[in-house]
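Colleague: Structure incoming, see below.
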């Protein structure tokens, strides 16, 4: 604990002290921009808001701003440490809001333990923020404060300590009940703890179908029963039950569910042993649970456990709730966060846990695999899909329950949220929409690779293609079962078990290459290889496109593809490109970073034309820059001259294309430089297609942007083949596979439409 504390202190002091800062969202580099941001220009939005108050959401940051408010009287695990000492926790809350939901935060620590002062402070604060998150305020003050503010304010007010745990543990409980075959109405639930969190969680469980008569609440005095006087208050009273049980041990005997929101070590192994078959134990005290999983395992091998800790499975972490709850509430300008919205969040989390977990999530946890079951009841905090599932569900519930000021289209809203996750999401969204219109048959040669198999399930779920895996069906299904994957809708083909097709493919391959040294015996032998078999499926029309290479080097893939499928008619060579997505600018296309090492003029012309055609097929108008170390002849050298000559040659062949060069990279991507310094250029706006002088420059550039510039990269995309063929890299993720299959499907669509 001491070492951890030291590390935490160093973390908080590194660089600028603390964890948050305020940064401008608008440019402020000129006198004109200053006059717009402040005096005199700022008067315009001020007057507009005066005339139409709701315009405050249009002209200011209020609609994306939450106040995290505390008086530091009940800081989790630390107690009443005061507002100043609570500030690191509130800053941390702000970081989580920003990290997981893109919400800005002011952390505000109130120097008073009087609930009336906190209430008045928040009431005066209302014009500033779009919502208020109450944090670490002692009971029963927190109940009073929240209730009063909900009555008086016209913005969402949420006490996370009460409701956050309720929402997350509720999702875990729904799935635990399902896994143990229990009905909510029949489950006997025992609560250890009767504070704000326990009371709110019990109320939320009632919304989930848990019978109030089947709930027993135990505090430091014992079971809360009818007629008890000691330690009671108006908030505990509704949970008083007619029972003879008086201790936690007695309450837990025969119970189906234990919810711990109390203190370390209050549950013994004997208590655990006395519970019903397949007990559900949520020991949520922080930092140490009421009973550890190790202690439970000593006496029960059938228990389902959750804790508040990250070093055990099923972490009930409030970060799964409040960022996304507020995201949905803010985006419909909700007047409140009501039970319907909390229930929607719970249900969405429970449903998401049952969906296949992307590889990116596993990577965030050191490669740990996640699969719905007793050790994976709820999603992990670093699953980006939580935003996409919870926020729309909350927004819809707000609209349906009548607390939303703004009515929105939920599908369009979900698309906007996807775009907020990064520029590549927005790029692929349009691709996915196109692919879904007519899913093409895409054969994947690496049928035994777990990432490819997992991607195949996603491809079916997304409806972007009809995946065909090359491999022995029993072996592929076995791998799928090990990882909990469903291959319904996935076709599996094995060369050995496809005699008729294999013989026909071999004969066709032999006839096409018999004058290039290929014997009939060699052709038959090659057709046992997945890459050759997959290629022949495409060549013969049994598949529309091919994706391969996750376990191969690029040259090992290119040769079979060229032998079997070959280049497009009239095409002398192939090339490649990467799509580079940067936040706040349009998609860029980098060519050629994968195939041609040191292209000459004619090769550069082919690369430019192939890339332009591909970009046009995506519905984007290409603006092509031929890159070099000089601008328009400023440095005479064969290396720069070849780019100039290639640009001129492309203009001759395709006068419809917007192309220029040679030029330096900064000139190419900066409209201001182009217009001010080179007004004669045929490029009137920044280029979106960059043709590099050699493979080293192209490859280094996209990788540098990816690693240091935060760019998201999609590819590589192979161009110039007779039929759609795409190659994966050996380190490709599941999402990379899905992306390339989607692109291959769209490419196949476009070619079919031209026939």
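Colleague: Quote the FRET efficiency, to the nearest 0.05, computed for residue 7 versus residue 98 with a Förster distance R0 of 22 Å and r equal to the Cβ-Cβ distance. Before the final figure, lay out each step's value.
Modeller: Details: r = 22 Å, r/R0 = 1.01.
Result of the calculation: an efficiency of 0.50.
Colleague: With everything on Cα atoms, drop me the angle between helix 322-331 and the longest principal axis of the chain, reported from 0 to 90° to the nearest 10.
Modeller: Helix 322-331 sits roughly 70 degrees off the main axis of the chain.
Colleague: What distance in nm separates the two pseudo spin-label positions at residue 233 and residue 572, each 7 Å out from Cα along the beta-carbon direction?
Modeller: 8.4
Colleague: Using only the Cα atoms of segment 478-527, build the gyration tensor, take square roots of its eigenvalues as a ≥ b ≥ c, and label the shape rounded, prolate or oblate: rounded if a/c is under 1.5, else prolate if a/b is larger than b/c, else oblate. Display every interim value, and only then the final one.
Modeller: Details: a/c = 3.85, a/b = 3.25, b/c = 1.19.
Taking the square roots of the gyration eigenvalues as a ≥ b ≥ c, segment 478-527 is prolate.
Colleague: At q = 0.19 Å⁻¹, what log₁₀ I(q)/I(0) does segment 575-720 have when each alpha carbon counts as one equal point scatterer in the Debye sum?
Modeller: -1.14
Colleague: Using all Cα-Cα distances in segment 265-419, what percent lands in each 5 angstrom bin from 0 up to the longest?
Modeller: 2, 9, 16, 17, 16, 13, 11, 8, 4, 3, 1
Colleague: Report the dimensions of segment 1-97 along its three principal axes from the alpha-carbon atoms, largest first, rounded to Å.
Modeller: 54, 30, 19
Colleague: Taking a temperature of 4 °C and a viscosity of 1.567 mPa s, what whole-number D in µm²/s does Stokes-Einstein yield for segment 33-78 with Rh from Kirkwood over alpha carbon pairs? Provide the component values of the computation, followed by the final result.
Modeller: Working: Rh = 13.2 Å.
D, rounded to a whole number, is 98 µm²/s.
Colleague: If I histogram all Cα-Cα distances within segment 319-406 using bins 10 Å wide from 0, what percent of pairs lands in each bin?
Modeller: That works out to 19, 45, 25, 10, 1, in percent per bin.
Colleague: Once you put a point 7 Å from the Cα of residue 55 and another 7 Å from the Cα of residue 113, both along the Cβ direction, what distance in nm separates them?
Modeller: Each label point is offset 7 Å from its Cα along the Cβ direction, giving 4.7 nm.
Colleague: Across bins of 5 angstrom width beginning at 0, how are the C-alpha pair distances of segment 103-189 distributed, in whole percent?
Modeller: Distribution as computed: 3, 12, 21, 19, 13, 9, 9, 8, 6, 2 percent.
Colleague: Moving on to the next point. For segment 679-752, build the convex hull from the C-alpha positions and give me its volume per residue in Å³.
Modeller: Numbers: hull volume 11.6 nm³, N = 74.
Cα convex hull per residue, to the nearest whole number: 157 Å³.
Colleague: Ok, one more. Taking the convex hull of the Cα atoms, report for segment 395-474 its projected area averaged over all directions, in nm².
Modeller: It is 7.6 nm².
Colleague: While we're on this one: In nanometres, what is the gap between the two model label sites at residue 39 and residue 355, each 7 Å from Cα along Cα-to-Cβ?
Modeller: With each label point 7 Å from Cα toward Cβ, the separation is 5.1 nm.
Colleague: Still on this structure, please answer the following. As an exercise, use a Förster radius of 25 Å and the Cβ-Cβ distance of residue 249 and residue 183 to find the FRET efficiency, rounded to the nearest 0.05. Before the final figure, lay out each step's value.
Modeller: Numbers: r = 26 Å, r/R0 = 1.04.
It comes to 0.45.
Colleague: For residue 703 and residue 268 in one chain, what is 0.36 nm times their gap in residues minus the Cα-Cα distance, to one decimal in nm?
Modeller: Gain on extension, residue 703 to residue 268, equals 151.1 nm.
Colleague: With axes computed from alpha carbons, what is the tilt in degrees of helix 695-708 against the longest principal axis of the chain, rounded to the nearest 10 within 0 to 90?
Modeller: Between the helix axis and the principal axis of the chain, the angle is about 10 degrees.
Colleague: Follow-up question, since we're still on this one. Share of Cα-Cα pairs in the chain beyond 42 Å, in percent? Let's see the in-between values first.
Modeller: On the way: 123062 of 284635 pairs.
So the pairs more than 42 Å apart make up 43 percent of the total in the chain.
Colleague: While we're on this one: Rounded to a whole number of µm²/s, how large is the Stokes-Einstein D of segment 238-349 at 25 °C and 0.890 mPa s, given Rh as the Kirkwood radius over C-alpha pairs?
Modeller: Numbers: Rh = 15.9 Å.
This corresponds to a translational diffusion coefficient of 154 µm²/s.
Colleague: What do you get when you divide the Cα radius of gyration of segment 529-646 by 2.2 N^0.38 Å, with N the number of residues?
Modeller: In units of the globular-protein estimate, segment 529-646 measures up at 1.26.
Colleague: Could you compute Rg(Cα) / (2.2 N^0.38 Å) for segment 151-190, with N its residue count?
Modeller: 1.63
Colleague: Given the convex hull of the Cα atoms of segment 430-556, what is a quarter of its surface area in nm²? Numbers along the way, then the final one.
Modeller: On the way: hull surface 34.1 nm².
The Cα convex hull of segment 430-556, projected and averaged over all directions, gives 8.5 nm².
Colleague: Can you give the extra length, in nm with one decimal, that the chain gains between residue 211 and residue 598 once fully stretched, where that is 0.36 nm per residue apart less the Cα-Cα distance? Don't jump to the answer; show the numbers that get you there.
Modeller: Working: separation 387, 0.36 × 387 = 139.32 nm, distance 7.33 nm.
Taking 0.36 nm per residue and subtracting the Cα distance, the gain is 132.0 nm.
Colleague: Based on DSSP H runs of at least 4 residues, each adding -39500 (n - 2.57), what is the mean residue ellipticity at 222 nm of the chain after dividing by all its residues, to the nearest 500 deg cm²/dmol? Present the calculation step by step, with values, prior to reporting the outcome.
Modeller: Values: 30 runs with 344 residues, N = 755.
For the chain, the value works out to -14000 deg cm²/dmol.
Colleague: Here's something else I'd like to know. Once R0 is set to 41 Å, what does the formula 1/(1 + (r/R0)^6) return for the Cβ-Cβ distance between residue 617 and residue 48, expressed as a FRET efficiency to the nearest 0.05? Please report the intermediate quantities before stating the final value.
Modeller: On the way: r = 43 Å, r/R0 = 1.06.
Working from the Cβ atoms, E equals 0.40.
Colleague: Still on this structure, please answer the following. So for each of 123-129, 331-337, 218-224 I average, over its residues, the number of other beta carbons within 10 Å; can you give me the resulting order with the highest mean first? The partial results should precede the final answer.
Modeller: Details: 123-129: 15.3, 331-337: 23.1, 218-224: 18.9.
The densest-packed peptide leads the list: 331-337, 218-224, 123-129.
Read-outs throughout are calculated quantities, based only on the coordinates presented, and are distinct from any laboratory measurement. What you see is a predicted model, and the numbers here were worked out from it, not measured in a lab. Here the Cβ is made from the backbone with ideal geometry for all residues, glycine too, and neighbour counts use every protein chain on show.
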